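Trainee: Starting off with a structure, shown below.
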Amino acid sequence: MGKLEGKAAVVTGGARGIGREIVAAFAAEGADVAVADVLPKGEAAPVLADVERAGRRGLYVRTDVSREDEVRSMVDAVLETFGRIDVLVNNAGVLSLVPLEEMPVEEWDRVLSINLRGTFLCCRFVLPHMLGRGEGRIVNVASQLGQIGAPELAHYSASKGGVIAFTKALAREVAARGVLVNAVAPGPISTGIMPLQSDGQEEALKNSLPIKRFGEVGEVAPTVVFLASADASYYVGQTLGPNGGDVML
Ligand code: NAD
């Protein structure tokens with residue numbers, strides 16, 4: 001029996017990258033999975049095929065997580081199709097490299113809106129349902145840069161630090177009512193989200209890691225499965241770090 005047998009999950013940003021791997025891992029562990037992503041539906045065909053191959057139900061709801069109306073409709077659509085939401089994974093995120101003295105205010109707002117406001121909005125509209133049932137799991141995908149920061153990534157680092165603080169606050173607020181909230185803070189994972197300017201820059205970044213390589217998407221998803229599963233029943237407000245040893249807390 002899978003670790004998530006019979007559960008219904010929502011994974012934001014699940015059409016590609018780390019999110020796609022989380023969706024596939026959830027389905028392999030027995031969950032029905034709704035993918036909420038801003039990409040056109042056609043781009044979610046491969047991940048929905050992963051879910052079907054695992055014999056589970058998949059649903060795609062095109063959603064911009066920074067928009068309240070779209071998040072509300074997405075949650076309604078998932079509840080209508082699956083009847084419930086046991087697990088919410090807030091994975092949708094964006095990144096850009098911009099020195100602060102050149103950063104357009106609009107770019108700061110865009111990154112904060114998707115990474116932090118989007119996490120808030122999805123929690124805001126899924127929580128009443130979870131609290132009503134007295135159970136649920138929320139896993140927020142932060143980043144180790146929310147713990148240590150990085151140059152030219154002040155907006156991204158602030159958004160992910162915000163996600164970690166938000167996770168702790170919400171975890172304290174709802175744990176006794178049956179909803180467990182935790183986060184993962186990955187290190188550099190090969191997905192293309194990080195715009196590396198040259199092979200030399202990539203090698204230097206790899207060499208700075210204790211493990212001397214970037215992580216793979218399959219090295220993040222198992223941590224998310226764990227936090228969503230019964231195995232993590234005593235984890236509250238924690239931030240787990242699949243990061244190759246870059247950050248050790
Ligand atoms: P990715 O770009 O491959 O995937 C991000 C997904 O989010 C895409 O499917 C994209 O369409 C979706 N998305 C973007 N904006 C959205 C919006 N407004 N509404 C809904 N969906 C939206 O990136 P990834 O590397 O797979 O990153 C996934 C998460 O992991 C992000 O939150 C990212 O910050 C975090 N993360 C990534 C790394 C890394 O090195 N790859 C490290 C730490 C944390």
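Trainee: Restricting to region 226-249, give me the number of residues that are of a type in the set (A, V, I, L, M, F, W, C), assigned to a loop (DSSP other than H, G, I, E, B) and open to solvent by less than 50 Å² (accessible area, probe 1.4 Å).
Mentor: As a first pass, look at region 226-249 and keep what is of a type in the set (A, V, I, L, M, F, W, C): 226-228, 230, 232, 236, 240, 247-249.
From what's left, assigned to a loop (DSSP other than H, G, I, E, B): 236, 247-249.
Cutting the leftovers down to open to solvent by less than 50 Å² (accessible area, probe 1.4 Å) gives us 247.
So the count comes out to 1.
Trainee: Mind checking which pairs have a first residue in region 140-153 that is within 17 Å of Phe166 (Cα to Cα) and a second that is open to solvent by 10 Å² or more (accessible area, probe 1.4 Å) and β-branched (Val, Ile, Thr), Cβ under 6 Å, 6 or more apart or different chains?
Mentor: Within 6 Å, the pairs are Ala142/Ile164; Gln144/Val247; Gly146/Ile164; Gln147/Val247; Ile148/Val247.
Trainee: Could you grab me the full set of residues in region 148-196 that are of a type in the set (D, E, K, R) and more than 11 Å from the ligand (Cβ to nearest atom)?
Mentor: Kept after step one, since they are of a type in the set (D, E, K, R), are these residues of region 148-196: 152, 160, 168, 172-173, 177.
Passing the criteria: Glu152, Lys168, Arg172, Glu173, Arg177.
The values are calculated or read from the model by the stated rules, or taken from the named source; none is laboratory data. Being a predicted model, the structure only gives us computed values, none of them experimental. Don't worry about glycine lacking a Cβ; one is built from the backbone with ideal geometry, like all the others, and counts go over all protein chains shown. To get the accessible areas, we keep the full protein, side chains included, count just its heavy atoms, and leave off ligands, DNA and RNA. Shrake-Rupley method; radii C 1.70, N 1.55, O 1.52, S 1.80 Å.
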